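Taking it in order: structure first as structure tokens, then the write-up.
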Amino acid sequence: KKYKHYGGRGVKVCDEWLNDFNSFYEWSIKNGYTEGLSLDRLDVNGNYEPNNCRWVTMDKQASNKQNTIWVDYQGSEVCLRDLMVKLDKLSKYESVKNFLFKDGFSIEEALSITDKTDRFIMKMKYLLIENNITNCNINVEQLCTLTGKSIKTLRKRYLNTARFTNMLNIINVEVLND
């Protein structure tokens, strides 16, 4: 059942361990095996062999997978999930992941977003910079192009609300009537 994740990817058990259980057992005892730990590969694409394995907790092993997301946070490369647990923000994991990969925010920006307003403000800042809009006077059609929303949607959701005007004021954008 799991062949595609291991053998199907070329991951093998070294001959030493495959042919001699005592060799594996002795290595395990010398390398920290205790009840409740799991055998983990340092290089997830490498083989099961003495120089690529260690005994770790299941939590530690869960952060060492092919799909683990690593981020640079305060000068260190950390697992995003572990960071979210450490910051007591695990409930916002999916949102932060989307802010990073869909919106292109830095980890610090993604962590600072608390609601849709913050996200919109951050996204507008990026869009303005990307489109070299420095005078911050744009018309509704330009705003539609930048945000990927139709005029109808913008007018309905944003342009007629004080909340939207407040958001634009925060990022110093004046929407000109078209």
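The values are calculated or read from the model by the stated rules, or taken from the named source; none is laboratory data. Since the structure is predicted, the reported quantities are computational estimates derived from the model, not experimental observations. All Cβ positions, glycine included, derive from the backbone under ideal geometry; neighbour counts span all protein chains shown. Protein only, heavy atoms only, side chains kept; ligands, DNA and RNA dropped before computing areas. Shrake-Rupley method; radii C 1.70, N 1.55, O 1.52, S 1.80 Å.
At-a-glance table
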item: Of residues in the stretch 11-59 being acidic (Asp, Glu) and either open to solvent by 50 Å² or more (accessible area, probe 1.4 Å) or assigned to a helix (DSSP H, G or I) (or both), the one nearest to MET84 (Cα to Cα); result: ASP59
item: Matching entry among LEU100, LEU83, LEU111 (being open to solvent by less than 60 Å² (accessible area, probe 1.4 Å), under 22 Å from LYS60 (Cβ atoms) and assigned to a helix (DSSP H, G or I)); result: LEU83
item: Search result, residues across the stretch 60-76 that are part of a loop (DSSP other than H, G, I, E, B), modelled with pLDDT of 75 or more and either among the basic types (Lys, Arg) or open to solvent by less than 100 Å² (accessible area, probe 1.4 Å) (or both); result: THR68, ILE69, GLY75
item: Pairs, first within 16 Å of MET58 (Cα to Cα) in the stretch 11-39, second exposed (fewer than 11 other Cβ atoms within 10 Å of the Cβ) and of a type in the set (A, V, I, L, M, F, W, C), C-beta under 9 Å, six or more apart; result: GLY36/MET58; LEU37/MET58; SER38/MET58
item: Flag if ILE129 is farther than 22 Å from ASP72 by Cα, part of a helix (DSSP H, G or I), modelled with pLDDT under 75 and open to solvent by 70 Å² or more (accessible area, probe 1.4 Å); result: yes
item: Single residue of the stretch 1-10 satisfying the filter (in a loop (DSSP other than H, G, I, E, B) and loosely packed, with under 11 Cβ neighbours inside 10 Å) that is modelled with the lowest pLDDT; result: LYS1
